[in-house]
Amino acid sequence: MRIVRAVLREIPLTLATPFRTSAGVVTDRRILILTLHAEGLEGWAECVAPGSPNYTYETVESAWEVLTTAVLPGVVGLDIAEPVDVLTPASVVRGHPMAKATVEMAAWDLTARARGVSLSELLGGTRRSVPVGVSLGMVPTVEELADTVAGHLEQGYRRVKVKIARGHDVDVLTGLRERFPDLALWADANSAYSLADAPLLQELDPLRLEMIEEPLAPGALLDCARLQKRIGTPVCLDESIGSLSDVEIALELESCRVVNLKPGRVGGLTESRAIHDRLGDAGVQVWCGGMLESGIGRAHNLALASLPGFALPGDISASRRYWARDIVSPEFEVVGGEMEVPTGPGIGVEIDADRIEALTVRTATFG
Ligand code: OSB
Ligand code: MG
């Protein structure tokens, strides 16, 4: 399949509610949307890079730069047999997995459409629906957070992940546990702590958290292994896992018991599937994370989460948890704590191309 054209756009989308983590607050997202054209078909994907370098080093600006100068010019005219082949011209680009994943994931959608199958099927997915949870940002009071948790439980979410930070941890989680004794409760620190905080993190042990996500600095795999030996709560890694190679190191060191896998963070779906397979062999749990995506990125995440190893509920919430109005239809919904995996060709949802065009603030076209 020869790629004949690539169009990169940037659109702004305002979150339904501001999202506060230990690294800052997000109210508006700037989303890069890529369309690859081949054989009269289109493949779509979005870039998960955030506005500022407070998650990894990548940003909307760095991704725009890398995609428009170093990746997309080599993609047009390229003949690909498998989706990952689209990254061959980018083999000398170091790092920037979020930028690369954008192209690789659009190539997966395109390939699935060309073969007349769903993205889930092309990936080897086995689930027709996947269990889902919700990730809640920090709010000023435990009461407000508890009410938000209650609202999401009513909507059927299987578990709740809450953001924590220094000074916003033991009290908040204790308050939640008192109000919800049986809640499947996870906490995400987004690198708020250091190994010196091990005594504080030990105080969380009696709260029966199912995991604590990314407690230490991104890439601190050795310190995570040391921390995991000192706390009972399972450590889950997010930012620290950028590739299969990182997974190998984490397994060797025993840095974590769980991995939050995000295709945008690890350079795409091919690498994601390899990580899923490796973690399955190692008996380490995996679940699909999110990056406040629009419906396009959510559809990709959902297809990945349909692989057999994704037994834990993902950060794959309903469209309305993020946006007043999504850019795909039908919008994603949670029914009975699960989200249905689309069965149509490719990502399987209709993309509102007119609305995307109307929202676009900049475009780069190749071919
Ligand atoms: O750390 O998992 C994270 C959102 C943006 C960046 C990082 C993270 C998150 C979330 C929300 O936790 C996940 C989602 O619902 O998309
Ligand atoms: Mg996280």
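The values are calculated or read from the model by the stated rules, or taken from the named source; none is laboratory data. Being a predicted model, the structure only gives us computed values, none of them experimental. Every residue, glycine as well, gets a Cβ built from its backbone with ideal geometry; the counts of neighbours run over all protein chains shown. Quick note on the areas: whole protein, heavy atoms, side chains included, nothing else; ligands and nucleic acids left out. Shrake-Rupley method; radii C 1.70, N 1.55, O 1.52, S 1.80 Å.
Here is how the numbers come out for the structure above:
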quantity	calculated
Computed FRET value (nearest 0.05) for ALA196 with GLU333, which takes r as the C-beta separation and R₀ as 51 Å	0.70
All-pairs Cα distance distribution in the stretch 121-340, expressed in whole percent, bin size 10 Å	8, 35, 37, 19, 2
Nearest-ten-degree value, helix 269-282 long axis tilted from longest Cα axis of the chain	40 degrees
Gaussian network model of the chain, springs between alpha carbon atoms under 10 Å - residue of GLN285, GLN228, GLN202 with greatest fluctuation	GLN202
Alpha carbon centroid spacing (whole Å) that separates the stretch 35-54 from the stretch 269-326	17 Å
Residue of LYS163, LYS100, LYS229 that the Gaussian network model of the chain assigns the largest fluctuation, springs spanning Cα pairs under 10 Å	LYS229
Cα-based equivalent ellipsoid, the stretch 103-161: semi-axes from gyration tensor eigenvalues, Å	37, 14, 7
Fraction of antiparallel bridges per DSSP, the stretch 121-340 only, in percent to nearest 5	20 percent
Area projected by the alpha carbon convex hull of the stretch 325-367, averaged over all directions, nm²	4.6 nm²
Ellipsoid semi-axes in whole angstrom, largest first, where each is sqrt(5λ) of the Cα gyration tensor of the stretch 268-367	27, 17, 12
Eligible lysines near LYS161 by straight Cα distance, threshold 26 Å, same-chain separation 8 or greater	LYS229, LYS262
Convex hull of Cα atoms in the stretch 209-251, direction-averaged projection (nm²)	2.8 nm²
Estimated [θ] at 222 nm from DSSP helical runs (n ≥ 4, -39500 (n - 2.57)) normalised by residues in the chain, nearest 500	-9000 deg cm²/dmol
Rg over Rh [alpha-carbon atoms, Kirkwood Rh] for the chain	0.96
Cβ-derived FRET efficiency at R0 35 Å, GLU254 paired with ARG5, nearest 0.05	0.15
FRET efficiency estimate (nearest 0.05) - Cβ-Cβ, SER243 to THR69, R0 30 angstrom	0.85
Within the stretch 8-33: backbone nitrogen closer than 16 Å to the ARG320 label point (7 Å, Cα to C-beta)	16-17
DSSP beta bridge pairing in the stretch 122-198, given as percent antiparallel to the nearest 5	10 percent
Relative packing of 5-12, 76-83, which averages over residues the other C-beta atoms within 10 Å, highest first	5-12, 76-83
Accessible surface of the chain, 1.4 Å probe, proportion on carbon and sulfur as whole %	51 percent
Rel. contact order, % - alpha carbon contacts under 8 angstrom, at least six apart, the chain	23 percent
Surface accessible to a 1.4 Å probe, per residue, for the residues of the chain, Å²	38 Å²
Rg/Rg_globular for the stretch 139-184, with Rg_globular taken as 2.2 N^0.38 Å and Rg from C-alpha atoms	1.08
Pair SER129, GLU61: separation of 7 Å Cα→Cβ label points (nm)	4.4 nm
Once the Cα gyration tensor of the stretch 89-229 is diagonalised, semi-axes √(5λ) in Å	34, 23, 13
